[in-house]
Amino acid sequence: YTLKAQVSQTNGQVSTKTAESKFVADDKNAVLTASSDMQSLVADGKSTAKLAVTLMSANNPVGGNMWVDIQTPEGVTEKDYQFLPSKNDHFVSGKIIRTFSTSKPGVYTFTFNALTYGGYEMKPVTVT
């Protein structure tokens, strides 16, 4: 943004100054959210659910790191599901999209965590 200030004196003299300014999101007031486009998923290894994770302060995207912990049903290993492209990432424009599929039925719990580039750790959010 360019800020412009103009001062007019009583003698008619006018002085104008401009300055470049960059506005950034307020990290300490950022909110981490997560949601899924599916309430249930067929465990065929092909059907997918999209998980959207956002890190925002008001309507402003916040930069930071995201990681997820996945709690799986008993007996399920990482070979039985896919969480793509990765469990760790950096927020771009305040949003990350992940795709999940599994070949084993049961309840999967995703706990998303984030640390802003300003050093603030967000309250984790969970999607089941």
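Overview of results
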item	result
Subset of the range 51-89 [at pLDDT 95 or above and basic (Lys, Arg)]	79
So residue 70, is it within 17 Å of residue 56 (Cβ to Cβ), among the hydrophobic types (A, V, I, L, M, F, W, C) and assigned to a strand (DSSP E or B)	no
Filter pass, residue 46 being surrounded by fewer than 14 Cβ atoms within 10 Å (Cβ to Cβ) and under 28 Å from residue 113 (Cβ atoms)	no
Count - residues of the range 87-128 that are part of a loop (DSSP other than H, G, I, E, B) and either within 14 Å of the chain's Cα centre (by Cα) or closer than 19 Å to residue 56 by Cβ (or both)	11
Among (1) part of a loop (DSSP other than H, G, I, E, B); (2) of a type in the set (A, V, I, L, M); (3) more than 21 Å from residue 126 (Cβ to Cβ), the one test that residue 5 misses	(1)
Residue that is surrounded by the fewest Cβ atoms within 10 Å (Cβ to Cβ), among those in the range 18-42 that are modelled with pLDDT under 90 and more than 20 Å from residue 93 (Cα to Cα)	20
Residues satisfying the stated conditions in the range 9-42, i.e. of a type in the set (A, V, I, L, M) and within 23 Å of residue 66 (Cα to Cα)	24, 25, 30, 31, 32, 34, 38
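The values are calculated or read from the model by the stated rules, or taken from the named source; none is laboratory data. The structure presented is a predicted model; accordingly, all values stated were derived computationally and were not measured. Every residue, glycine as well, gets a Cβ built from its backbone with ideal geometry; the counts of neighbours run over all protein chains shown.
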